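The values are calculated or read from the model by the stated rules, or taken from the named source; none is laboratory data. Since we're looking at a predicted model, the values are computed, not measured. A quick note on method: Cβ atoms are made from the backbone with ideal geometry, for glycine too, and the neighbour counts reach across all protein chains shown.
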């Protein structure tokens, strides 16, 4: 029996893969599109395990792919949510300096936000408390463009729209082999084989492995970092009205432990960032020995550890000791107590790492012949997803 044919195969049923399929279906309605997802349900990894923030673009280097995609993607995401009744809210957020040493970085963020076209303003301590009465800080930025979105609902709606336009979304379809021929690409999966003209790799945590399966030698390797969260109890939710963030460390692409009100009415606290022992290891004790060995033998990990071992130890301490996690939260909201915290599901960040130990900060999208590989798309990828999809559609 002949394998089914299509014009484009997209591997990965997260928000970037689905947004890409959606944008291609809008721009090229005559093309046959198939999305392949290895899990039985969509959005089981980064897309469904994040804090649901609609980012403003204030953090990112002007002119970078993150800055461009975040600003343009934010507008597309807002329009999509409004048109499709997806829960969302532009509620704003505060980036809070808790001591004098953080003021220069806060000012740099303000200047960067202005250059990126972000609606933001400086606040003194009294103005800060008017927005968040329980928050401690000596100054803050009020980022008016930030908000919250139910990204899992976005994924499910994108799937419906792709199917309405004649595309296919195949779950429980793990790619096991890719064969490149002169006129086509053969994609073998656990649910069958597809023949296609083009393949787009949006596999997230498995993106470097899929690129290798396609005959590429990506410069970066995906290293998994687990982000652990707590929820505030119902009785403690009044402590945070919207979103409260610390001033981030510019040496790391992580934003620090923060407070996030969600579209479900809860308040999340976190995440930290610890090296995970499995690419899809959502608990401390989940170990995949093959994943772990691949991570530990990578020289980029050795160099990262040598440069930033102190920061890594601090993250591990917060992982194993709730008191340390609480201490980080109390820098922003001193009134939070240990009994206010309820363990919540963790997430995994697919972080691209270079051999020299550099954490890749920007998105990485590479085209190799009939392949397009999204090799680094961490936060703000969900915010940016519809614009990333449009950029990829431009390359077809």
message: Anything in the range 140-151 that is crowded, with 22+ Cβ neighbours inside 10 Å and outside any loop (DSSP other than H, G, I, E, B)? List them, or say none.
response: 140, 141, 143, 147, 148, 149, 151
Odd one out for residue 333, checked against (1) under 21 Å from the mean Cα position of the chain (by Cα); (2) under 25 Å from residue 269 (Cα atoms); (3) assigned by TED's automatic domain parsing to the domain that holds residue 280: (1)
message: I'd like to verify a number: residues in the range 262-273 that are over 17 Å from the mean Cα position of the chain (by Cα) and part of a strand (DSSP E or B), how many?
response: 1
query: Any idea which residue in the range 339-354 is surrounded by the most Cβ atoms within 10 Å (Cβ to Cβ), counting only those that are out of contact with any helix residue (DSSP H, G or I) (no Cβ under 7 Å at 6 or more places or on another chain) and over 15 Å from residue 319 (Cβ atoms)?
result: 352
message: From the list 153, 129, 122, 82, exactly one residue is at pLDDT 95 or above, assigned by TED's automatic domain parsing to the domain that holds residue 59 and more than 21 Å from the chain's Cα centre (by Cα). Which is it?
response: 82
task: Would you mind stating whether residue 255 is touching a strand residue (DSSP E or B) at 6+ places or on another chain (Cβ under 8 Å), closer than 21 Å to residue 50 by Cα and either surrounded by fewer than 20 Cβ atoms within 10 Å (Cβ to Cβ) or at pLDDT below 95 (or both)?
output: yes
- request: Scan the range 167-176 and give yes if some residue there is surrounded by fewer than 21 Cβ atoms within 10 Å (Cβ to Cβ), farther than 30 Å from residue 290 by Cα and touching a strand residue (DSSP E or B) at 6+ places or on another chain (Cβ under 9 Å), otherwise no.
  value: yes
message: Tell me whether the range 116-128 contains one or more residues that are over 20 Å from residue 248 (Cα atoms) and either touching a residue at least 12 places away in the same chain (Cβ under 8 Å) or surrounded by 23 or more Cβ atoms within 10 Å (Cβ to Cβ) (or both).
response: yes
- request: Quickly run through the range 139-150 and pick out the residues that are farther than 24 Å from residue 347 by Cα and either in contact with a strand residue (DSSP E or B) (Cβ under 6 Å, 6 or more places away or on another chain) or modelled with pLDDT under 95 (or both).
  value: 139, 140, 141, 142, 143
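Yes/no matrix, rows are residues, columns are (1) surrounded by 14 or more Cβ atoms within 10 Å (Cβ to Cβ); (2) farther than 26 Å from residue 386 by Cα:
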{"site": "76", "(1), (2)": "yes, no"}
{"site": "82", "(1), (2)": "no, no"}
{"site": "94", "(1), (2)": "yes, no"}
{"site": "101", "(1), (2)": "no, yes"}
{"site": "112", "(1), (2)": "yes, no"}
query: Based on what the data block shows, is residue 36 in contact (Cβ under 8 Å) with a residue 12 or more places away in the chain, in contact with a strand residue (DSSP E or B) (Cβ under 6 Å, 6 or more places away or on another chain), under 20 Å from residue 365 (Cα atoms) and surrounded by 24 or more Cβ atoms within 10 Å (Cβ to Cβ)?
result: yes
- prompt: Counting only residues that are touching a helix residue (DSSP H, G or I) at 6+ places or on another chain (Cβ under 9 Å) and closer than 13 Å to residue 257 by Cβ, how many does the range 306-328 have?
  reply: 10
